[in-house]
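K.L.:
Here it is: the structure, laid out below.
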Amino acid sequence: MKQGRYKIIELFINSLRDLAPIVAVIAFFQFVVLRQPIPNVLNLLSGLLFVVIGLTLFVRGLEMSLFPLGEAMAYAFARKGSLLWLLLFAFALGFGTTIAEPALIAVADKAAEIAAQGGGLENTSVAQHNYAIGLRITVALSVGFAIVIGVLRILRGWPIQYVIIGGYIGVVIMTWFAPPDIIGIAYDSGGVTTSTITVPLVTALGVGLASSIRGRNPMVDGFGLIAFASLTPMIFVMAYGMLR
């Protein structure tokens, strides 16, 4: 119990240290460049405190649950020896974590709103909702597919650079044919997928799987799944825009 309390204090101090450069930059431009007082100082300080506490609890939660859970399930599937169940789990993990990503939800809703304002779809709540849901499902399917490819890469020992280079060549080619109004959304979709929910579980899956397979190096083979999860949404969303 005491060790856990010390760990929380250590993480709290680390969170303060990590946020210090951001606070310093904002303070410098506010007081030196803009030369204006900070409005609602009390609210800003209390909000900053909440951010530090939230970040501390989030990191501690990752260490206690998500990372061990992902690694334990990777070990279990490796011992089970069923490729089909492993790939199904990888797809479901990628799809489930992505569809619940808060950042993706926000981007999809904003994209639907802007598309309606620009005349790209009917300016109704139903049309916007359907557009946002379609965009989220497309991205989630792409991440599920990406995790499957990443797991196969770990199992087969494929060099990551060749798969990544091939994927980005596909992105460049599709950019020439995709509608201009979907390209920016597609590129942003590659970033918002790798956020608070997806990254911990997917990383733990890759490291755990590479650690459980003889001849695989967790540092070489265990990482890289996040790169796939960032790459495939660009291709899938551009295809989604072309087919709409």
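K.L.:
Of the peptides 50-62, 92-104, how do they stack up when ordered by the mean number of other Cβ atoms within 10 Å, highest first?
P.N.:
Ranking, from highest mean packing down: 92-104, 50-62.
K.L.:
Sorting check: for 31-41, 232-242, which peptide has the highest mean count of neighbouring beta carbons within 10 Å, and how do the rest follow?
P.N.:
Details: 31-41: 9.3, 232-242: 23.3.
Listed from highest to lowest mean packing, they are 232-242, 31-41.
K.L.:
Please state the relative contact order of region 151-244 as a whole percent: Cα pairs under 8 Å, 6+ residues apart?
P.N.:
Relative contact order, region 151-244: 43 percent.
K.L.:
Along its three principal axes, how long is the chain when you only count alpha carbons? Whole Å, largest extent first please.
P.N.:
59, 58, 32
K.L.:
Which residue, Met73, Gly167, Val59, has the largest displacement toward the positive end of the dipole of the chain when charges sit on each Cβ (Lys, Arg +1; Asp, Glu -1)?
P.N.:
Met73
K.L.:
Efficiency by 1/(1 + (r/R0)^6): what FRET value for Phe29 and Phe177, r their Cβ-Cβ distance, R0 = 51 Å, to the nearest 0.05? Walk me through the numbers before you get to the answer.
P.N.:
Details: r = 42 Å, r/R0 = 0.82.
Working from the Cβ atoms, E equals 0.75.
K.L.:
7 Å from Cα along Cα→Cβ at both Ile13 and Glu113: what's the point-to-point distance in nm?
P.N.:
Distance between the two pseudo-spin positions: 4.2 nm.
K.L.:
With the full set of protein chains in place, find how many percent of the accessible area of region 102-244 is carbon and sulfur; take the probe as 1.4 Å.
P.N.:
Using a 1.4 Å probe with all protein chains present, region 102-244 comes out at 67 percent carbon and sulfur.
K.L.:
State, to one decimal in nm, how far the label point of Leu83 lies from the label point of Asn123, with both points 7 Å from Cα in the Cβ direction.
P.N.:
5.4 nm
K.L.:
Using a 10 Å cut-off on Cβ atoms, rank the peptides 147-157, 173-183, 69-79 from the highest mean neighbour count down.
P.N.:
Going by the mean number of other Cβ atoms within 10 Å, highest first, we get 147-157, 69-79, 173-183.
K.L.:
Could you calculate the FRET efficiency of Arg156 with Leu44 from 1/(1 + (r/R0)^6), where r is the beta carbon distance between them and R0 is 51 Å, rounded to 0.05?
P.N.:
Values: r = 51 Å, r/R0 = 1.01.
After rounding, the FRET efficiency stands at 0.50.
K.L.:
Something else now. Cα gyration tensor of region 74-196, axes a ≥ b ≥ c as square roots of the eigenvalues: rounded (a/c below 1.5), prolate (a/b > b/c) or oblate?
P.N.:
Taking the square roots of the gyration eigenvalues as a ≥ b ≥ c, region 74-196 is oblate.
K.L.:
Here's another thing I want to ask about it. Quick check for me: using +1 on Lys/Arg Cβ and -1 on Asp/Glu Cβ, what's the dipole size of the chain about its Cα centre, in debye to the nearest 20?
P.N.:
Once rounded to the nearest 20, the dipole reads 780 debye.
K.L.:
Next up: In whole percent, what relative contact order does the chain give with Cα contacts below 8 Å and a gap of six or more residues?
P.N.:
The value is 25 percent.
K.L.:
Moving on. log₁₀ I(q)/I(0) of region 1-76 at q = 0.14, 0.19, 0.20 Å⁻¹, via Debye over equal Cα point scatterers, no solvent, to two decimals?
P.N.:
So the normalised log intensities are -0.62, -0.87, -0.92.
The values are calculated or read from the model by the stated rules, or taken from the named source; none is laboratory data. From a predicted model like this one, the values you see are computed outputs, not experimental measurements. Don't worry about glycine lacking a Cβ; one is built from the backbone with ideal geometry, like all the others, and counts go over all protein chains shown. With ligands, DNA and RNA removed, areas are computed over all heavy atoms of the protein, side chains included. Shrake-Rupley method; radii C 1.70, N 1.55, O 1.52, S 1.80 Å.
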